[in-house]
Each structure stands twice: as structure tokens, then as C-alpha cells.
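J.: If you scroll down you'll find the structure; I have some questions about it.
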Amino acid sequence: MLRLKKTVVMVGMMGAGKTAVGTAVARALKVPFLDSDEEIVKAASRSIAEIFQRDGEAFFRDREFEVIGRLLRGAPCVLSTGGGAFLSERNRSQINAAGVSVWLRADLDLLWQRVRHKTTRPLLRTANPRETLRALHEARLPAYALADLAVDASPDYSIEQMAGRVIEALQARPDVLEEGDA
């Protein structure tokens, strides 16, 4: 049986599969799955879009930093973060200190296929959402490349197959995942 020793933090673009794959990884490892955006919404009693609109992005990013820190101090789990969370040096530092980051690396076409019909993406409420997504993707790649591990997404992989690939990548890190007694 595998035992998780550190929190696994899923990073990557919207549509990369952080929530779906993260949930499947958590289920396979028998640990909780948490979503930093959901935890922020719970704490604020407002949607992310409302927080952005009412209080601005800087306020949201401060809450995000606090929530990620609190979750990293808890029992090891699988944590999905918002697409912008890993861009922040202070978030990367606390993730690096207490957990392991896994970048779900997906190309632009796959991301667009997954997000183009979603209305829950405030950053894509623009005149040309695909171009906005392309620009975000390009701007964020250097930060995502700093993740501890990268697992490539493919339209051919099921959620379970992607979760299996993430677990395989984690098994190369004995400080994160170890064989334990059942």
C-alpha cells in the first residue's frame, strides 16, 4: 500500500484537469482531496468571481496564499489550486517547503476544448476568449515549469489513466510517496 508523506499540489492551467485528476489521485491514495478555490469560497461566503469583482485580484491572492498555507500545514492530501496560484513566488515557496507540486501539462488545443463552453471562468469573459487563453498559457508556462514534477495530459487519456501517471511520477519521490504496510 502506498502512503502519502507530503501534500501533492496540482498546478496548471484552467482545463488541465487539476480537480478531476486530483480527485482520482486522492481516491487512489486514500487521502482527502481539497481545492484551494473552494476553500476560499467557503471562507469568504462568496464566489471567486464576486471576490474578484468586489475586492479585486490582490485581495483574492492574499486569501489564496493564506488558504494554501493552512492546507499545507494539515494532514497530507491532494490539493488542487487555481490556475494563477503557482505564478506567485510566495505560493511556490510555501508549496516547495511543505509539499510537492505536480504540473498537469496540457497543450492549448486540449485546454480550449475543455474550457470553451464553461461559463465559470472569469478570466475568459473577453471578446476573444481563445486568444485570452493562449496569452495566459504562454505567460504562465515559465512559472509552471518550476513545478517539482510534470505529467503530460493527452485527449486520449482517461481521468484514471492521468491519475495513474501522476502516481507513477510521485513514486519516483520517496520523500513524498512510500510503500507502507496495509
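The values are calculated or read from the model by the stated rules, or taken from the named source; none is laboratory data. If you're wondering where the values come from, they're calculated on a predicted model, not measured in any experiment. No Cβ is skipped: glycine too gets one built from the backbone with ideal geometry, and neighbour counts run over all protein chains shown.
J.: Would you confirm, using the coordinates I've provided, whether Ala44 is farther than 18 Å from Ala153 by Cα, loosely packed, with under 14 Cβ neighbours inside 10 Å and hydrophobic (A, V, I, L, M, F, W, C)?
T.: Taking the combined requirement at face value, the residue does not satisfy it.
J.: Please give the helices (runs of 4 or more DSSP H) falling wholly within the stretch 3-106 in which 2 or more residues are within 26 Å of Arg165 (Cα to Cα).
T.: Working: elements: 18-29, 36-44, 48-55, 57-73, 89-98.
Passing ranges, in order: 18-29, 36-44, 57-73, 89-98.
J.: Within the stretch 84-96, restricting attention to residues that are touching a residue at least 24 places away in the same chain (Cβ under 8 Å) and surrounded by fewer than 22 Cβ atoms within 10 Å (Cβ to Cβ), which residue is nearest to the chain's Cα centre (by Cα)?
T.: Step one: filter the stretch 84-96 for residues touching a residue at least 24 places away in the same chain (Cβ under 8 Å), giving 84-88, 90-92, 94-96.
Still in the running and surrounded by fewer than 22 Cβ atoms within 10 Å (Cβ to Cβ): 84, 87-88, 90, 92, 94, 96.
Numbers: Gly84: 9, Leu87: 11, Ser88: 13, Arg90: 16, Arg92: 12, Gln94: 14, Asn96: 14 Å.
Applying the filter and picking the extreme gives Gly84.
J.: Follow-up question, since we're still on this one. Taking the conditions exactly as written (in a helix (DSSP H, G or I), within 29 Å of Lys5 (Cβ to Cβ) and either of a type in the set (S, T, N, Q) or modelled with pLDDT of 95 or more (or both)), does Glu160 satisfy them or not?
T.: Values: in a helix (DSSP H, G or I): yes; within 29 Å of Lys5 (Cβ to Cβ): yes; either of a type in the set (S, T, N, Q) or modelled with pLDDT of 95 or more (or both): yes.
Spelling it out, Glu160 is indeed in a helix (DSSP H, G or I), within 29 Å of Lys5 (Cβ to Cβ) and either of a type in the set (S, T, N, Q) or modelled with pLDDT of 95 or more (or both).
J.: Filter the stretch 134-157 down to the residues that are in contact (Cβ under 8 Å) with a residue 40 or more places away in the chain and not in a strand (DSSP E or B) and list them by number.
T.: Leu136, His137, Arg140, Ala143, Tyr144, Ala145, Leu146, Ala147, Asp148, Ala153, Ser154, Pro155, listed by residue number.
J.: Ok, one more. Scan the stretch 122-156 residue by residue and report those that are under 14 Å from Gly15 (Cα atoms), more than 15 Å from the chain's Cα centre (by Cα) and not polar (S, T, N, Q).
T.: Once the filter is applied, which keeps residues that are under 14 Å from Gly15 (Cα atoms), more than 15 Å from the chain's Cα centre (by Cα) and not polar (S, T, N, Q), the stretch 122-156 yields Pro122, Leu123, Leu124, Pro129, Arg130, Leu133, Arg134, Leu136, Pro155.
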